[in-house]
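Visitor: Here's a structure for you.
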Amino acid sequence: MIRADHFEEDEATVANDPISQFNISKLLQLDVGGYDISFTNSSLFMVATVAASAAFLIFTTSGRGLIPSRLQSISEMLYEFVAGLLRDSAGSEGMKFFPIVFSLFTFILVANLFGMFPYFFTITSHIIVTAALAFGVIGMVIIYGFYKNGLGFLKLFVPSGVPGVLIPVVVLIEVISFLSRPISLSVRLFANVLAGHITLKVFAGFVVSLSGLGLGGVIGAILPLAFAVALTGLEFLVAFLQAYVFAILTCMYINDAIHPSH
Amino acid sequence: MPDQPPDPSNDEDLSKRLERLRSNLDGPEGMVAEAQRDEQLRAERAHSKAGIAQAFRLSSEFIAGVVVGGGIGYAIDKYFETSPWGLIIFLLLGFAAAVLNVLRASGMVAESEMSLKTVQDHQNRSDKQDPNA
């Protein structure tokens, strides 16, 4: 009850429940043609993510040293990592998709890493953001697939060597399997980031509430503190791996669009 | 810079260093073995990373298949008033698609039309080199 009265105050300091870190707040009220396109904290962090990654890449590669400096070699490693990923899955033909794969990878990676800063908003913890990215990728694959192969792209849904009777069932299964791609792509990223941040907040919350109980509580708080530290490390791993998984799956789907049948 | 003639003393230095490098590479077996060990370690690290990435995939691939199948069935029931048959049939088809997704993600079934050989080739290739290290 007291909590509710002091809600405003809580908001200003640190909210104790694990969900409020995902709240969207409008920073700039905007309304165009009946649509609410307010500039929110989510938009702010999207802009920050793009600005930070672009600034980093421009700054580090401006030297163009033949022998790269430390920062330049980070950019080069990033480039070579994504280029290798794409070339391995989609062949050199897929390299024309390099810009989008590279942008997706850096955007998700930097957004996830930004989320690891205390008080920062994690944009990839909202399914609408990850779903927009995933459906964008699948839409691109479908459009390019039809553009490149015409109706031959539909061969993707008809595996060779299937008996004629089974073809309707197999095609239905293949279509469902294809439609599940953007769902799994977006849900995976969003769920991992969301769950990780909630877990981290819950364990950190234990430390605060336990240490408020006196000496015994402070000693008892050591365990959740250790967990919180370990989870932070794990979250950094997840931040990278989720970007990696998103990028490698994008590469594999692009491969489907280029070569629907081998 | 490219117009300047190469500095002779620098050149001498370079050739000396090259020679030392060559003798180091050929001479003691230790150097070669160490390089091989490094290579192996890098390959292992790449493999474990790909493994964790795959583990993240499996569960979500399965859930997505069932959810999409169920969703299509529900939508069909709603528009054609065939309840409950659409849901039953498409949930089962969705389950089949989910199993297919998981088998594909784990590399036990070839990706769509690609033959199993190309999948294995691809895995071998990505195992050999670790672009991140």
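Visitor: So, in the stretch A:233-258, how many residues would count as being open to solvent by 50 Å² or more (accessible area, probe 1.4 Å) and touching a residue at least 60 places away in the same chain (Cβ under 8 Å)?
Guide: Qualifying residue count for the region: 1.
Visitor: Moving on. Check the stretch A:167-181 and report whether any residue there is of a type in the set (Gly, Ala, Ser), under 19 Å from B:Gly70 (Cβ atoms), surrounded by fewer than 20 Cβ atoms within 10 Å (Cβ to Cβ) and in contact with a helix residue (DSSP H, G or I) (Cβ under 9 Å, 6 or more places away or on another chain).
Guide: The answer is no, given that none of the residues of the stretch A:167-181 is of a type in the set (Gly, Ala, Ser), under 19 Å from B:Gly70 (Cβ atoms), surrounded by fewer than 20 Cβ atoms within 10 Å (Cβ to Cβ) and in contact with a helix residue (DSSP H, G or I) (Cβ under 9 Å, 6 or more places away or on another chain).
Visitor: Take A:Val187 and decide whether it is part of a helix (DSSP H, G or I) and open to solvent by less than 30 Å² (accessible area, probe 1.4 Å).
Guide: No: the conditions fail for A:Val187.
Visitor: Going through the stretch A:88-118 one residue at a time, which ones are over 28 Å from A:Leu44 (Cα atoms) and surrounded by fewer than 18 Cβ atoms within 10 Å (Cβ to Cβ)?
Guide: Result: A:Gly91, A:Ser92, A:Glu93, A:Met95, A:Lys96.
Visitor: Identify, please: which residue in the stretch A:54-70 is among the aliphatic types (A, V, I, L, M) and at pLDDT 85 or above and is, among those, most open to solvent (accessible area, probe 1.4 Å)?
Guide: Residue satisfying both the conditions and the ranking: A:Ile58.
Let's see how each residue does on (1) facing another protein chain (nearest Cβ under 10 Å); (2) open to solvent by 60 Å² or more (accessible area, probe 1.4 Å); (3) part of a helix (DSSP H, G or I); (4) modelled with pLDDT under 90:
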| position | (1), (2), (3), (4) |
| --- | --- |
| B:Ala46 | no, no, yes, yes |
| B:Ser59 | yes, yes, yes, yes |
| B:Ala64 | yes, no, yes, no |
| B:Asp77 | no, no, yes, no |
| B:Leu93 | yes, no, yes, no |
| B:Ala98 | yes, no, yes, no |
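Visitor: Select, from A:Gly205, A:Gly216, A:Gly150, A:Gly139, the only residue that is of a type outside the set (Ser, Thr, Tyr), on the phi > 0 side of the Ramachandran plot, open to solvent by 10 Å² or more (accessible area, probe 1.4 Å) and part of a helix (DSSP H, G or I).
Guide: None of the others qualify; the one that does is A:Gly150.
Visitor: Hey, among the residues in the stretch A:82-111 that are within 14 Å of chain B (Cβ to nearest Cβ) and out of contact with any helix residue (DSSP H, G or I) (no Cβ under 8 Å at 6 or more places or on another chain), which one's modelled with the lowest pLDDT?
Guide: Applying the filter and picking the extreme gives A:Ser92.
Visitor: A further question on this structure: Has the stretch A:185-199 got any residue that is in contact with a helix residue (DSSP H, G or I) (Cβ under 7 Å, 6 or more places away or on another chain), within 14 Å of chain B (Cβ to nearest Cβ), closer than 26 Å to A:Met116 by Cβ and among the polar types (S, T, N, Q)?
Guide: yes
Visitor: Mind checking which pairs have a first residue in the stretch B:47-61 that is among the hydroxyl-bearing types (Ser, Thr, Tyr) and a second that is open to solvent by less than 40 Å² (accessible area, probe 1.4 Å), Cβ under 6 Å, 6 or more apart or different chains?
Guide: B:Ser60/A:Ser184; B:Ser60/A:Arg188
The values are calculated or read from the model by the stated rules, or taken from the named source; none is laboratory data. Bear in mind the structure is a predicted one, so any value in this text is a computation, not a measurement. Every residue, glycine as well, gets a Cβ built from its backbone with ideal geometry; the counts of neighbours run over all protein chains shown. These accessible areas exclude ligands, DNA and RNA; they are computed on the full protein's heavy atoms, side chains included. Shrake-Rupley method; radii C 1.70, N 1.55, O 1.52, S 1.80 Å.
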